[in-house]
1. Based on what the data block shows, is G102 touching a helix residue (DSSP H, G or I) at 6+ places or on another chain (Cβ under 9 Å) and of a type outside the set (D, E)?
2. For L158, work out the one condition from (1) farther than 21 Å from E106 by Cα; (2) surrounded by 20 or more Cβ atoms within 10 Å (Cβ to Cβ); (3) in contact (Cβ under 8 Å) with a residue 60 or more places away in the chain it doesn't fulfil.
3. Across segment 163-182, what is the total count of residues that are closer than 16 Å to G123 by Cα and either buried (at least 17 other Cβ atoms within 10 Å of the Cβ) or not assigned by TED's automatic domain parsing to the domain that holds G83 (or both)?
4. Taking segment 107-123 only, how many residues are over 18 Å from the mean Cα position of the chain (by Cα), modelled with pLDDT under 90 and exposed (fewer than 15 other Cβ atoms within 10 Å of the Cβ)?
5. With the requirement that a residue be more than 13 Å from E171 (Cα to Cα) and among the aliphatic types (A, V, I, L, M), what does segment 123-135 give you?
Amino acid sequence: MRSDGAKGRAPTASSNNVETGGKAAGTPAEELDAASGPDYEDKVTKFYLIPPMVLSRLYDDFSSLVGDKRTRLILHQAGYRCGSKMAEGLDIDTADRELMEGALQELLIQLGLGVLRIEEYSGNRVVVSCVDSNEARAMGKRDHPACNFTTGYIRGLLEGLLSVKFNAAEEACASLGAPKCRFVYTWPA
């Protein structure tokens with residue numbers, strides 16, 4: 001016999017053993033928040049990465065509606081907004097360039113966009129390479145660089161961290177047959 005008095009019913013959020021400080025937690029997320037304490041949101045950045053096939057399908061659907069060029073701009077802007085938002089939640093000392101580059105490198109690895117590496121960070125230029133780009137793989141062979149979301153995401157992240165407006169270009173892409181994708185970000189000197 002169950003001790004919560006809910007005979008024969010599946011356990012609910014209010015019938016579990018999560019300590020909620022006297023408040024009934026409703027959803028699993030509320031249960032986790034309650035169990036983690038009131039400052040949980042201040043300590044954890046939650047994010048969701050888009051599966052590469054979703055980007056490919058969005059590209060195909062948008063292209064049929066607004067054309068190829070506009071679709072690339074839409075995906076770039078979507079990536080940019082995501083990267084900018086991610087940068088807001090980061091606490092990275094950008095004054096210490098070596099520390100910032102190391103933190104940025106670690107973040108790029110964790111994003112799941114591919115195996116990203118900072119190749120160059122000097123003067124007014126940042127170059128990021130990507131081996132095994134998830135976006136390029138999902139997009140398949142194309143007649144133009146295909147990593148629009150990734151290009152925008154990294155641009156938004158860099159602008160958010162460095163407070164500088166960047167020009168962005170994907171100079172090489174696996175969708176065009178290159179061994180790796182190469183993203184170049186520059187700003188006025």
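The values are calculated or read from the model by the stated rules, or taken from the named source; none is laboratory data. For clarity, every value in this text was computed on a predicted model and none was experimentally measured. Cβ sites come from the backbone with ideal geometry, for glycine too, and all protein chains shown count toward neighbours.
1. no
2. For L158, the exception is condition (1).
3. Residues that pass the stated criteria total 2.
4. 2
5. V131
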